[in-house]
Structures are given as C-alpha cells and as structure tokens.
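See below for the structure under consideration.
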Amino acid sequence: MTTATAPRPPETPARAATPGKRALVVGASSGIGAALAKRLVAEGWQVAAVARRAELLDLLAAECAKLPRAGGGGLVTAVHDVARAHEVPELFERLARELGGLDLVVYAAAVMPKVAKDEYDTEKDLEQLAVNVGGCIAWGNAAARLFQSQRFGTLVGISSIAGERGRKGAPVYGTTKAAMNTYLEALRNRLSECGVHVCTIKPGFVDTDMTKGMGKLLWLISADEAARLILKAARARANERFVPRQWWIVATVIKNIPSFLFKKLNV
Ligand SMILES: NC(=O)c1ccc[n+]([C@@H]2O[C@H](COP(=O)([O-])OP(=O)(O)OC[C@H]3O[C@@H](n4cnc5c(N)ncnc54)[C@H](OP(=O)(O)O)[C@@H]3O)[C@@H](O)[C@H]2O)c1
C-alpha cells in the first residue's frame, strides 16, 4: 500500500538584501565625517551619523533637515564612543535596521593630540590606538560581516598621508594610520571575492578642527571638497586614493627617502 503525501508548499526564500542608498558614518560630528554625511543626505541617502558629541550631531541633523534633498534623504544620529568596541555589534545592527539595510560604511573617527618632541605618554598613545585603530577594526568587522553575507557594500576608511612613514612629530598617530592601511587592505583582499569593496582614503591637509592652529598648510582643502573627492573615489571603486590626488607625489618621494636621510628631516 502506498500513502499519498500532501504536496510540499514551495519554499519561500528569505528576503534577500538589495542595494540602496543607506550609509553609516562613524566620526560624523565634525570635519570630514560631517561633510560626508551632509553630501550623502543631499544626494538622497539615508544616513546614520555616529560620534560622541551629541550637541554637534543635533546640529548636523538640523542642518541636514534644511538641505534641498534629492529623493528624500534623511539622517539619524547615535552617540557612541568608539573606544567602547564591545558596544559596536549591537549598535551596528540597530542602525542598519533603522536605515532598512546598509550599502556604505565610512570610518572617519580619529584623534591626533599634540605631542611634544620629548614626550612619551603611554596613556595618550593608547587612546589614539583605541580610537583610530580599535574603533576602525570594531566597525570594520561589523561592516565586513554584513557585507560578506549580503554580497554587496562599500567600506571606506579615512586614513592619512601620515601613515606612509614614521615621523618625529607624531609617532603614534602615524602608527595608527599605517595599521589602518594594512587592516583595510586585508579586508579588501578578502571581500573583493564577493563583490564588496574596501577603499582606503589618504588625505593630505584638510581644514578641520584637527588642523586648527597649524599655520599655513600645503594644498589645504575644505572638508566639503575632501568629502566630494572621497565619495568620487568610493564610487570609482578605488583601492587607495590620496585626497587631493597630488599627495601621491609626496608619498612616493617620502617613501623612497632612505632612513639615514629621513631621520635628519624635521617632519
Ligand atoms: N584634517 C586633516 O588634515 C586630515 C588629514 C589626514 C587624515 N585625516 C583624517 O580624517 C578623519 C576625520 O578627521 P577630521 O579632520 O574631520 O577631524 P575632526 O573634525 O576632529 O573629526 C574627527 C571625528 O572623529 C570623532 N571621534 C574622535 N574620537 C572619537 C571617539 N572616541 N568616539 C567616536 N568618535 C570620535 C569626532 O567626534 P566626537 O569628538 O564628537 O566623538 C569627530 O567627528 C580622521 O580619521 C583623520 O585622521 C584628517
């Protein structure tokens, strides 16, 4: 005797994530991060802006609300200290849910304290590591996990020309940017196989709080111009991009100065 089995209902596939215009910017309360958030909102993106200073994030949200927006862009904010890396997975998931998915993550948070030529302050140095490197890894890992599983997405890390060589003026800031470069390159190599892009941005001098009081600076550009060039590089799926591009010449020269000469330079 054979028993008839009821035909199985067709399997309903889990709803696949689809690309859109949803971005998360870490370090968005001022400077380059804030300029990026504003540009994206103006272009119709849904943006989550993350940083510590709530009052500046509120100001950014108010400015974004006044922007002429193409395609209904919007901004949500979250107060977070990137040194608290253990908070990242939950916050990342919450923000991704609020935006309805994620296509772009930009890590722009960093600190660059003034360091005297004879100063060796471990606490100050480790804070830079926690923010510039630890935070980048915590947010980068969260982005990589999501982007790998959905098979699309772009991660942009704002590094610096300062990561090219070890300079007298900022031993640990430069170290953090060199570490970031290596981490981002490794993620790029891993994730390119599944269509995910990782872009390392190396700005020269940008007119922000970070460069205040530094005097006249070579090829100084505004934060908004930096944001424009960064988005252009991300869209072109550039692996690495100096911002503005002519810093590539400086990087090539300084990378090729032999150590016996470089240690005599006052940079
Ligand atoms: N300006 C330049 O000439 C230059 C050149 C090369 C590279 N860069 C890089 O560009 C990026 C943006 O810097 P910027 O020039 O725009 O300087 P900025 O105006 O000082 O911006 C730094 C951002 O990082 C955030 N941040 C710092 N510590 C944080 C923490 N513990 N938790 C969360 N957010 C934190 C700040 O927000 P809160 O303080 O509100 O937390 C702020 O939004 C940095 O990675 C910097 O290294 C800048």
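A few remarks follow.
- Listed by first and then second residue, the pairs with beta-carbon distance under 8 Å, at least 6 apart or on different chains, first residue in the stretch 19-40 and within 17 Å of GLY72 (Cα to Cα), second open to solvent by 20 Å² or more (accessible area, probe 1.4 Å) and near the ligand (Cβ under 6 Å from one of its atoms), are LEU36/ALA108.
- Reported count of residues in the stretch 55-92, each being under 18 Å from the mean Cα position of the chain (by Cα), in a helix (DSSP H, G or I) and in contact (Cβ under 8 Å) with a residue 24 or more places away in the chain, is 7.
- Filtering ASN181, ASN141 for residues that are modelled with pLDDT of 95 or more and either more than 25 Å from PRO258 (Cα to Cα) or open to solvent by 30 Å² or more (accessible area, probe 1.4 Å) (or both) leaves a single hit, ASN141.
- Of all the residues in the stretch 154-178, those that are within 16 Å of the ligand (Cβ to nearest atom), touching a residue at least 60 places away in the same chain (Cβ under 8 Å) and open to solvent by 40 Å² or more (accessible area, probe 1.4 Å) number 2.
- Per-region count, the stretch 94-120, residues in contact (Cβ under 8 Å) with a residue 24 or more places away in the chain and among the acidic types (Asp, Glu): 2
- The residue pairs whose first member lies in the stretch 247-267 and is surrounded by 10 or more Cβ atoms within 10 Å (Cβ to Cβ), whose second member is of a type in the set (A, V, I, L, M), and whose beta carbons are closer than 7 Å, counting only pairs six or more residues apart or on different chains, are TRP247/ILE161; VAL250/ILE161; ALA251/ILE161.
- Single unsatisfied condition, THR182 versus (1) closer than 22 Å to GLY135 by Cα; (2) within 14 Å of the ligand (Cβ to nearest atom); (3) in a helix (DSSP H, G or I): (2)
- From the list ALA130, ALA143, the lone residue that is in contact (Cβ under 8 Å) with a residue 12 or more places away in the chain, over 19 Å from CYS199 (Cβ atoms) and of a type in the set (Gly, Ala, Ser) is ALA130.
The values are calculated or read from the model by the stated rules, or taken from the named source; none is laboratory data. Quantities reported herein were computed from a predicted structural model and do not represent experimental measurements. Glycine gets a Cβ as well: all are built from the backbone with ideal geometry, and neighbour counts include every protein chain shown. These area figures cover heavy atoms from the full protein model, side chains too; ligands, DNA and RNA do not enter into them. Shrake-Rupley method; radii C 1.70, N 1.55, O 1.52, S 1.80 Å.
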